[in-house]
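The values are calculated or read from the model by the stated rules, or taken from the named source; none is laboratory data. Everything numeric in this text was worked out from a predicted model, so none of it was measured. Cβ atoms come from the backbone with ideal geometry, glycine included; neighbour counts cover every protein chain shown.
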Amino acid sequence: MPGSLKTQAIVLRSIRYGEADRVLHLYTPERGRLSAIAKGVRRTKSRFGGRLEPFFRLDMVLYEPRPPRSDLLTVTSAATVAGHPRLREDARALDGAARACEAVARVFDDGDPHAGVFHLLANELALLDGDATKATRANALAFRLKLLLAAGFAPQLSACASCGEREHLVGFSGAAGGVVCSACEAGAFALSEAAHSFMVEALGRPLADAPEAEPRALAQAERAILETLEHHAHVRLRPVGSGAR
Ligand SMILES: [Zn+2]
């Protein structure tokens with residue numbers, strides 16, 4: 001059908017609009033972030049049921065007028081692929097899911113598709129839904145590192161980001177784009193070996209096997225991630241939080 005877009009999507013945000021409608025912020029594999037309006041969804045007899053809520057993974061049909069008249073597509077149909085009901089029953093899993101969706105929504109603009117980001121977010125939600133004890137600070141940081149990688153902002157970790165030196169990597173510089181050596185550390189902060197290996201391993205392993213590390217190493221890894229996002233994506237994310245285990 002002309003003007004209709006069939007796609008999987010993950011609901012990042014769902015905002016009340018007018019009397020009975022909702023505006024959804026979605027992330028899709030082929031189109032990236034987009035917004036859609038679901039009409040009449042807040043009426044009791046709505047055919048959409050309760051599935052247009054954050055963290056739902058859906059099979060959707062969206063209507064897009066040609067030529068486009070606004071940035072909003074219209075939801076024609078939505079079927080649940082995964083509703084992730086269990087993660088809503090655990091405060092930490094819920095918080096982890098909310099921060100993951102928020103990070104995806106903030107790091108990417110509309111019309112900037114990265115199929116890897118869709119699959120990363122789908123994996124994270126499935127992981128938190130399957131086992132709420134996975135909602136650790138290490139998991140949240142591993143997710144953000146993989147998000148940086150999928151977005152093309154992965155920090156340089158194997159050699160000094162300024163001069164290429166492979167030894168004496170003692171600091172991290174968001175401006176330089178990764179770890180730096182002792183000769184280049186001006187403007188960098190100290191990065192311990194434990195924080196460095198946490199980042200290397202978190203990037204190299206599946207999300208479900210995210211490495212553990214001491215709180216101090218995690219704090220340094222978190223600072224490295226936040227500075228990378230600020231310098232390269234111009235986004236300032238909330239810290240993953242002391243609420244996370
Ligand atoms: Zn150097």
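Among the residues of region 6-24, at least one is in contact (Cβ under 8 Å) with a residue 40 or more places away in the chain, within 23 Å of the chain's Cα centre (by Cα), exposed (fewer than 13 other Cβ atoms within 10 Å of the Cβ) and in a strand (DSSP E or B). Filtered by the rule that a residue be in a loop (DSSP other than H, G, I, E, B) and in contact with a helix residue (DSSP H, G or I) (Cβ under 9 Å, 6 or more places away or on another chain), region 25-44 gives P29, E30. When residues in region 186-245 are screened for being surrounded by fewer than 15 Cβ atoms within 10 Å (Cβ to Cβ), charged (D, E, K, R) and assigned to a helix (DSSP H, G or I), 4 of them pass. Restricting attention to region 47-73, the residues that are of a type in the set (S, T, Y) and within 16 Å of I15 (Cβ to Cβ) add up to 1.
Each row is one residue, and each column tells you yes or no for (1) within 16 Å of the ligand (Cβ to nearest atom); (2) surrounded by fewer than 22 Cβ atoms within 10 Å (Cβ to Cβ); (3) at pLDDT 95 or above.
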{"site": "L127", "(1), (2), (3)": "no, no, yes"}
{"site": "D131", "(1), (2), (3)": "no, yes, yes"}
{"site": "A140", "(1), (2), (3)": "no, no, yes"}
{"site": "K146", "(1), (2), (3)": "no, no, yes"}
{"site": "A150", "(1), (2), (3)": "no, yes, no"}
{"site": "F153", "(1), (2), (3)": "no, yes, no"}
{"site": "L157", "(1), (2), (3)": "yes, yes, yes"}
{"site": "C160", "(1), (2), (3)": "yes, no, yes"}
{"site": "C163", "(1), (2), (3)": "yes, yes, yes"}
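Go through region 54-72 and give me each residue that's of a type in the set (A, V, I, L, M, F, W, C), in a strand (DSSP E or B) and buried (at least 19 other Cβ atoms within 10 Å of the Cβ). Result: L58, M60, L62. Out of V75, V107, one residue alone is buried (at least 21 other Cβ atoms within 10 Å of the Cβ) and touching a residue at least 60 places away in the same chain (Cβ under 8 Å). It is V107. One residue stands out in region 176-188 among those that are in contact with a Leu (Cβ under 9 Å, 6 or more places away or on another chain) and over 16 Å from H231 (Cα atoms): the one that is farthest from the ligand (Cβ to nearest atom), namely S182. Would you mind telling me which numbered condition in (1) over 17 Å from L226 (Cα atoms); (2) more than 13 Å from the chain's Cα centre (by Cα); (3) not polar (S, T, N, Q) F118 fails? Tallying (1) over 17 Å from L226 (Cα atoms); (2) more than 13 Å from the chain's Cα centre (by Cα); (3) not polar (S, T, N, Q), F118 fails exactly one: (2). Between S197, S173, S182, which is in contact (Cβ under 8 Å) with a residue 24 or more places away in the chain and polar (S, T, N, Q)? Exactly one of S197, S173, S182 is in contact (Cβ under 8 Å) with a residue 24 or more places away in the chain and polar (S, T, N, Q), namely S173. Evaluation of E64 against the conditions (1) free of Cβ contacts under 8 Å to residues at least 60 places away in the same chain; (2) touching a Leu at 6+ places or on another chain (Cβ under 8 Å) shows that the sole unmet condition is (1). If only residues of region 165-175 that are of a type in the set (G, A, S) and within 19 Å of R144 (Cβ to Cβ) are counted, the one that is nearest to the ligand (Cβ to nearest atom) is S173. G40 meets the conditions (1) on the phi > 0 side of the Ramachandran plot; (2) crowded, with 17+ Cβ neighbours inside 10 Å in every case but one. The failed one is (2).
Note on region 137-173: residues that are touching a Ser or Thr at 6+ places or on another chain (Cβ under 7 Å) and in a helix (DSSP H, G or I) amount to 1. With D112, D95 as the choices, which residue is more than 11 Å from the chain's Cα centre (by Cα) and in a loop (DSSP other than H, G, I, E, B)? Of D112, D95, the one residue that is more than 11 Å from the chain's Cα centre (by Cα) and in a loop (DSSP other than H, G, I, E, B) is D112.
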